[in-house]
Amino acid sequence: NVATACVTVITGILQRFSGDSCSGKAVSFVLLSSLQLDQQYNEFKLRSIMSEHKKTITAISWCPDNPDLFASASADNLLIVWNVAEKKAVARLDNTKGVPVSVSWCWNSADGVAFVSQRGPLYIWVYRGPDPGVTVHKEAHSFLSDICLFRWHPTKKGKLVFGHTDGSLSVFQPGSKSQKHVLRPESLEGTDEEDPVSALEWDPLSTDYLLVSNLHNGIRLVDSEALACITSFCFPSAAASVQCLAWVPSAPGMFITGDSQVGVLRVWNVSRSTPLDSFKLKKTGFHALHVLNSPLAKKGTSSCSPSKSQYTSSTSEAVPPPTLSQNRSFSLPPGHAVCCFMDGGVGLYDMGAKKWDFLRDLGHVETIFDCKFKPDDPNLLATASFDGTIKIWDTNTLTAVYTSPGNEGVVYSLSWAPGDLNCIAGATSRNGAFIWDVRKGKIITRFNEHGKNGIFCISWSHKDSKRIATCSGDGFCIIRTIDGKILHKYKHPAAVFGCDWSQNNKDMIATGCEDKNVRVYYLATSSDQPLKVFTGHLAKVFHVRWSPLREGILCSGSDDGTVRIWDYTQDACINVLSGHTAPVRGLMWNTEVPYLLISGSWDYTIRVWDTRDGTCLDTVYDHGADVYGLTCHQSRPFTIASCSRDSTVRLWSLTPLISPLLLNVLADQPWEKIIGNTDTAMVPGSPPLLCGKVSRDIKQELDKLSFDIRAKKLRWFSECFSPPGGSSNLWDLVSVINGQDDSLLPASYSKGVMHMKHLLKFKTSEAQELTIVKMSKFGGGIGAPSKEERLKEAADIHLRLGQTQRYCELMVELGQWEKALSVAPGVSMKYWKKLMQRRADQLMAEDNDDAIPYCVATGDIKKLVTFFSGRGQLLEALLIAQVQRSPLWLSSLCSLLHKVCKDLAEWYFQDGCSVLAACCHLAVDDVELAMSSLMRGNELELAACVGIVLGEGANQSTAYCLQLLARKYMTNPTWELSADLLRMIPDNHVLLAKLCAFYPGTAAEINQLHERCGLPSLEECKVLAEEAVNEGDLFSAVKLRLLSPEPEVALQIGINHVKGTHTSLAGSDWTVDDIQPILDLMSYIRTDRLITTKTTEARSELLILCGYIGALLAIRRQYSSIVPALYEYTSQLLKRREVCVPLKIEQLSVELDAWRACTQANSIPPSDSEGEERSIVLMIMTTLNHFLRLSGALLLCGADYVTGSNLPSHSDLQLSCFTGQRIQGPVFLLEDNKSAISLNDALMWAKVNPFSPLGTGLRINPF
């Protein structure tokens, strides 16, 4: 169960194909990117990714009768019906006899899906029921023009319409003559010109009216019965063209349209031919629109929402909420429009409030072929895609901050310039190679030496920044300078797919070729022949990668499914890594541990290899399609990124595979156990050692320090091992709490969660910076906000900080007088009056009548009278002179910082960000809750490091964390490490006794461990145990018996004690805290002794008692998801085994029912008829609460939720043996290697009951 952990998913949004690629129902909407579903909780999250389609998805349709079902079709002639709730395909049609361009559920069958390809016919697929199969529609065939899309009539059963590429419509209805290719736009009649129908929607108020848009000829309302055009709608510009349209269900007769070139949303009514209003939502055109039929049932706005960036992307591609342009009195109807854009953006627009509820900007719309971290900034990741763009992502916010100009065909490969040059080289399918200057936002150089041949790989030398290599289908690997001078042209016998510069020799480069060979070239000679040719692959070689740590070692991935390791110095293949079942694409060496190699394949998996012996350490199944690119950043060597045909980039942590390393740092082990040389690290079977630049640099910096060495060591190494997601922010807050000088805080601190004492100071400073910023000569780049946006952001900060007057002045500068004036009374009535007078003076200077209310409200009647008199409007002047002033009111708000931070922490925690949740608690000095968040998120190593540095305030939490880590390493070969961790805990005698009791060595080895832990020998323990029994010290007797040669005797002593005394289960005055310690102690009996035949009865009783007490502990800790499983586990053991314990199955059943009723009653008010039943429930729960009463503070409360729990994965489907439901997030396999539970459930189970849910007597170790 040690596994590579997925920590983040960056998602592409939709694949551009047809108009039928967006559909909405209730509060879910589905888009194309191998199908992604988003659902509204309090914010939008990626719900799942479904990816059985191998080619572009062409159409989708929700089932009108079942909100969990939808159908999708793709370019591989495949039609699938999906169940959203179960996240699986329920039916598939493998041959649609053509690529379906439009799909719709049948009007007469909940089990039937209609689909059509370009020329028809219309097929009806009944996928289940008594008569499944595919039939052809009797009339809808033999079309003369290709079909764009079709629509069933929502109320007139069986009636349907087709839209064609020539601009015509075909209408069919039962009992009437079919009408084919009618109602072309007038301007097309008599011509051969094509003008595809881009959208079709039946009028919901009519049986015959139909709204139709053609790409170039605009929108018409037509009568399908009379075959006449009722209204042609006029656009303000001839350049405008409609891509999509949708009726607004909440406003009869009203519809909206989306333009194809620019993201302009227009609002129309059928009663007039011009738009009621239009506003620009984005710079790029619409792809699809859908108005949700029912209003979103939003939860109350929570104070924990961190900021608007929770909903909108950080890019400037999105335009701020629009103001109404033409009809100021007009207001949009309530409704939510799902908007998909050509650049991959998608959002949910609240039309009534005129704002985005959710906007996810700039996703890739196709396969992502390559990804690379920026050399000088591990927070920036560049991706290259089939959609013709390179995008740069901020891995902390998961948003695209830059995008290349595009229109490059396919971008197969990218390479960052060395250092901080801020340029990227890209390789394309038809436009050669280019260099993109990211800051300037433009292409500054192009290379066309390969002609129109595709370039599959580009590599910028990081040893010599003037050299760039490209590989192409023309068989050449070309080395050139950045100004275009060709240095070498290496001819290959076939296409060249990959190249890589040696990390140790700047003049050496390796290539992978279609002829199955790997070649190594030396640039320092004039020869065009390779120095070495490595043969052995059975199919074409794609990528090659030199080892960054072992000179002369390189690897290659091939279509034969293998990765080969080559030794240049020996001229030989030294290992073949077999396991992938399809061509290998992604390849990456780890930059710290020399034997770690990661590969990605067309079999959808990522594999992590130990190249010393060829072992596959881990296989990851989360991607839903071919894995193409892999990368890691040198300063975060154990965080890798992968990209795939499923249009996602995933970030992974390799730390679980080398976790003893951080524990060696934590336990202050000698440097030899942490940092070593490659020769030592490459010895098969030896523990991992760090051999790279990051670890060397950390050690050098530590050697320079004279104080605070331990804290710095823990921080620097934990940041090296941690993925992005708040660890740096966490350590900054730890430094603040420990009294570090504010001047030492990094610039990034003010961008994250800040300590409460800094909030005002840093935010005021940020607002001032935003106010005075000037745009640079070249502008701020594609991701930079405009001056107006900066001022608006600054004003918002001032307002939140209570600096009301500064907010008002910035609003005035932005021309938003109404906002300024509405807030001005908060400064003072005098200031408000002054501001009103300034506004009145400005309007009067413009000769604008809007000055009237301002003068009236401030009582400046004389000025108004003079104004009107000067214009000769004497009657108005007379009227104004009589106006009386109206009163004003003011309200004030109060902020509860601790509550907000707690709410925000919970929001982060439920979003899978336990580190950021801990930051929120530290921001208000709540160390205990911060530590709890980290432990509940299973960030145990990080929690221990932080706890040690925080010191006394975190002692109790740190001790518990070290206990859990010690349990994790109670296995070969890390027993000593486990003991070292326990020695760090004060009062550790019992803990060390548990470790020694569980140790499975020989008698000599056990005695040796006893001596190391300060415990008596096996025989001495036996003698001491007898003395403890005689003295009535039962706990010591059990402990010493476990440490003796006959540990099974301890079971009988302990179990009899639990069953028989007044403070035990037989009495009524016991508590969980009376019984749990001795049960926990007994659970550490060596497994080989526990599972023997002679201990069968004692074992059964121990498992039952641990199960029952575990259930009660789970209730106390609010581990709701495992409470039923623990009761069921205990009941099953009672049924199957002959035991004598003071528990009855009926009692367990009553308690579980009472707990369920009680937890439900917290949200559902009881009816009168339930009064008696409720009193029984309360009586039972009162008894349980008596057993659960605490003897001290509760250290952990609330369910565990590890990073990655909220991320969708799809290849590896596992059902929980607790619930029978599909597991979301990381999976924990039980000892039979078949039964699975979620890692979250496994962690909670192990904290309250150490034994496996399978009842075998084996302990589980999910930590």
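The values are calculated or read from the model by the stated rules, or taken from the named source; none is laboratory data. Worth saying up front: this structure is predicted, and the values here are computed from it rather than measured. All Cβ positions, glycine included, derive from the backbone under ideal geometry; neighbour counts span all protein chains shown. Keep in mind that these areas ignore ligands, DNA and RNA; they rest on the heavy atoms of the full protein, side chains included. Shrake-Rupley method; radii C 1.70, N 1.55, O 1.52, S 1.80 Å.
Things worth noting here:
- Flag if GLY676 is without any contact (Cβ under 8 Å) to a residue 40 or more places away in the chain, open to solvent by less than 40 Å² (accessible area, probe 1.4 Å) and not β-branched (Val, Ile, Thr): yes
- Residues in region 340-358 that are buried (at least 24 other Cβ atoms within 10 Å of the Cβ), over 23 Å from ASN431 (Cβ atoms) and in contact with a Ser or Thr (Cβ under 6 Å, 6 or more places away or on another chain): PHE341 only.
- Here SER23 meets the list (1) open to solvent by 10 Å² or more (accessible area, probe 1.4 Å); (2) modelled with pLDDT of 50 or more almost entirely, failing just condition (2).
- Residues that are over 37 Å from the mean Cα position of the chain (by Cα) and of a type in the set (D, E, K, R), drawn from region 465-483: LYS466, ASP474, ARG480, ASP483
- Any hit, region 550-564, residues being on the phi > 0 side of the Ramachandran plot, in the same structural domain as THR470 (by the TED database), within 33 Å of the chain's Cα centre (by Cα) and small (Gly, Ala, Ser): yes
- Looking only at region 176-191, residues that are within 22 Å of GLN243 (Cα to Cα), open to solvent by 20 Å² or more (accessible area, probe 1.4 Å) and touching a residue at least 24 places away in the same chain (Cβ under 8 Å) come to 5 in all.
- Inter-residue pairs, beta-carbon under 7 Å, first under 10 Å from ALA923 (Cα atoms) and in region 736-759, second exposed (fewer than 12 other Cβ atoms within 10 Å of the Cβ), 6+ apart: MET756/LEU897
- Among the criteria (1) modelled with pLDDT of 95 or more; (2) open to solvent by 40 Å² or more (accessible area, probe 1.4 Å); (3) in a loop (DSSP other than H, G, I, E, B); (4) hydrophobic (A, V, I, L, M, F, W, C), the one VAL576 does not fulfil is (3).
- Given (1) assigned to a strand (DSSP E or B); (2) farther than 30 Å from VAL365 by Cα, number of the condition TRP268 does not satisfy: (2)
- Leading residue by the ranking (most open to solvent (accessible area, probe 1.4 Å)) among those in region 579-620 that are in contact with a Cys (Cβ under 9 Å, 6 or more places away or on another chain), charged (D, E, K, R) and outside any loop (DSSP other than H, G, I, E, B): ARG607
- Boolean, ARG119 is part of a strand (DSSP E or B) and charged (D, E, K, R): no
- From the list CYS643, CYS632, the one residue that fits, being open to solvent by 20 Å² or more (accessible area, probe 1.4 Å) and either on the phi > 0 side of the Ramachandran plot or not in a helix (DSSP H, G or I) (or both), is CYS632.
- ALA382 vs. criteria small (Gly, Ala, Ser) and either out of contact with any strand residue (DSSP E or B) (no Cβ under 6 Å at 6 or more places or on another chain) or without any contact (Cβ under 8 Å) to a residue 24 or more places away in the chain (or both): no
- Entirely in region 421-500, the strands (runs of 3 or more DSSP E) that have 2 or more residues that are under 22 Å from THR525 (Cα atoms) and open to solvent by 20 Å² or more (accessible area, probe 1.4 Å): 476-481, 486-491
- Subset of region 72-83 (residues that are modelled with pLDDT of 90 or more and within 25 Å of the chain's Cα centre (by Cα)): SER72, TRP82
- Pairs with Cβ under 9 Å, 6+ apart, first in region 792-811 and over 12 Å from LEU770 (Cβ atoms) and assigned to a helix (DSSP H, G or I), second open to solvent by 40 Å² or more (accessible area, probe 1.4 Å) and among the β-branched types (Val, Ile, Thr): THR804/VAL827; GLN805/VAL827; CYS808/VAL827
- Failed item in (1) under 30 Å from SER686 (Cα atoms); (2) open to solvent by 20 Å² or more (accessible area, probe 1.4 Å); (3) in a loop (DSSP other than H, G, I, E, B), with PRO1016 passing the rest: (1)
- Breaking point among (1) in contact with a Pro (Cβ under 7 Å, 6 or more places away or on another chain); (2) buried (at least 24 other Cβ atoms within 10 Å of the Cβ), for PRO375: (2)
- Residue count for region 546-573 satisfying the condition of being in a loop (DSSP other than H, G, I, E, B), hydroxyl-bearing (Ser, Thr, Tyr) and open to solvent by 10 Å² or more (accessible area, probe 1.4 Å): 2.
- Qualifying residue in region 204-222 (condition: part of a loop (DSSP other than H, G, I, E, B), open to solvent by less than 20 Å² (accessible area, probe 1.4 Å) and either at pLDDT 90 or above or touching an Asp or Glu at 6+ places or on another chain (Cβ under 7 Å) (or both)): no
- Identity of the residue in region 915-940, under 24 Å from GLN740 (Cβ atoms) and touching a Phe, Trp or Tyr at 6+ places or on another chain (Cβ under 7 Å), that ends up surrounded by the fewest Cβ atoms within 10 Å (Cβ to Cβ): LEU916
- Test: THR397 is of a type in the set (Ser, Thr, Tyr), open to solvent by 30 Å² or more (accessible area, probe 1.4 Å) and in contact (Cβ under 8 Å) with a residue 12 or more places away in the chain: yes
- Of all residue pairs spaced 6 or more apart or on separate chains, those with beta-carbon atoms under 6 Å, a first member in region 1012-1030 that is without any contact (Cβ under 8 Å) to a residue 24 or more places away in the chain and a second member that is part of a loop (DSSP other than H, G, I, E, B) and not small (Gly, Ala, Ser) are CYS1021/LEU1043.
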